[in-house]
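For reference, the structure is listed below as structure tokens.
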Amino acid sequence: MEPFVTGVVALNLNVISKLRRDANLRYVFEGEQKKREAKRKYDGKVDFADPTRLTWVRELLEGVELYTAVIWYVSLKRKIRLAYLLDRRNLNKPSYSVLFSTDINQSANEIYCFCKLRFQIKFVFHDAKQFTGLSDYQARDVKKLDFHFNASFTALNIAKLDAYRQQSSQKPFVFSMASVKRRALNDYLLDTFISKLGLLPTVIKSNPNYQNLRSYGVIAA
């Protein structure tokens, strides 16, 4: 993980992620240094089961609290901003989740909000890789790769916008790129059948069952 994080930070970017429960962390010593001794860097190991040394931020939900601190991550060899979520809703078995950012000036609340969005971001990359050819290009030129990546995500965004416009405003918006491609394939096949068989398009497309054929195999959402 350290080479990845170091590479990202070298690009003037920051990493927000989730820590393992056995992550090796140290509190940063902020007390007064003794003049005749080597400077003290650390102030004990972080125990995730004991958040008393962390700074309380706010209550996210009833029984769910957010804490923070700037600590030293031994494996990454750098300071990180901690966002510690403590769930006390089950008094017999409290649980916790530990998030972090390489930007120590970032607020714990921002880290929490960004991590909530990571699944939506994951879906975007998943759809782009599986349906719009994000990972299929083999060129090595930076400009060509940049154009291809933008084209892949643009195709996905246009498909999502078109699906949003077609869906009734009375229903919550749902989107499946697999369904979009399936419906496009069905449209192509139906138009081919109409053309090859010499059928009248207006008669076929006005039939009530035509829309059912267009949606054949579409994922129900």
Return yes when Tyr164 is closer than 25 Å to Asp127 by Cα, aromatic (Phe, Trp, Tyr) and more than 23 Å from the chain's Cα centre (by Cα) and no when it is not. no
Checking Asn90 against (1) of a type in the set (S, T, N, Q); (2) under 24 Å from Val9 (Cα atoms); (3) without any contact (Cβ under 8 Å) to a residue 12 or more places away in the chain, which single condition isn't satisfied? (2)
Condition first: under 12 Å from Phe131 (Cα atoms) and touching a helix residue (DSSP H, G or I) at 6+ places or on another chain (Cβ under 6 Å). Now tell me which residues in the range 154-179 satisfy that. Leu156, Ala159, Met177
Examine the range 55-62 for a residue that is buried (at least 20 other Cβ atoms within 10 Å of the Cβ), in contact with a strand residue (DSSP E or B) (Cβ under 7 Å, 6 or more places away or on another chain) and not aromatic (Phe, Trp, Tyr), and state whether such a residue exists. no
Using beta carbons and a limit of 7 Å, which pairs, at least six apart or on different chains, have the first residue in the range 192-221 and not assigned by TED's automatic domain parsing to the domain that holds Ala178 and the second one assigned to a loop (DSSP other than H, G, I, E, B)? Ile219/Ser176; Ala221/Val174; Ala221/Ser176
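Among the listed residues Arg78, Arg26, Arg118, identify the single one that is surrounded by fewer than 18 Cβ atoms within 10 Å (Cβ to Cβ) and either within 19 Å of the chain's Cα centre (by Cα) or of a type in the set (Gly, Ala, Ser) (or both). Step through it out loud before you land on a result.
Values: Arg78 fails: either within 19 Å of the chain's Cα centre (by Cα) or of a type in the set (Gly, Ala, Ser) (or both); Arg26 fails: either within 19 Å of the chain's Cα centre (by Cα) or of a type in the set (Gly, Ala, Ser) (or both).
Sole residue among the options that is surrounded by fewer than 18 Cβ atoms within 10 Å (Cβ to Cβ) and either within 19 Å of the chain's Cα centre (by Cα) or of a type in the set (Gly, Ala, Ser) (or both): Arg118.
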So Ala184, is it in a helix (DSSP H, G or I), touching a residue at least 24 places away in the same chain (Cβ under 8 Å), out of contact with any Pro (no Cβ under 8 Å at 6 or more places or on another chain) and hydrophobic (A, V, I, L, M, F, W, C): no
Checking the structure you have, find out if any residue of the range 171-193 is modelled with pLDDT of 90 or more, over 20 Å from Val218 (Cβ atoms) and surrounded by fewer than 12 Cβ atoms within 10 Å (Cβ to Cβ). no
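Conditions (1) in contact with a Gly (Cβ under 6 Å, 6 or more places away or on another chain); (2) outside the structural domain of Tyr210 (by TED's automatic domain parsing); (3) of a type in the set (Lys, Arg), marked per residue:
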{"position": "Arg89", "(1), (2), (3)": "yes, yes, yes"}
{"position": "Lys93", "(1), (2), (3)": "no, yes, yes"}
{"position": "Gln106", "(1), (2), (3)": "no, yes, no"}
{"position": "Glu110", "(1), (2), (3)": "no, yes, no"}
{"position": "Ala139", "(1), (2), (3)": "no, no, no"}
{"position": "Asn150", "(1), (2), (3)": "no, no, no"}
{"position": "Gln167", "(1), (2), (3)": "no, no, no"}
{"position": "Leu185", "(1), (2), (3)": "no, no, no"}
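The values are calculated or read from the model by the stated rules, or taken from the named source; none is laboratory data. Everything quoted here is computed from the prediction, not taken from an experiment. Note that we place each Cβ from the backbone using ideal geometry, even for glycine, and neighbour counts take in every protein chain shown.
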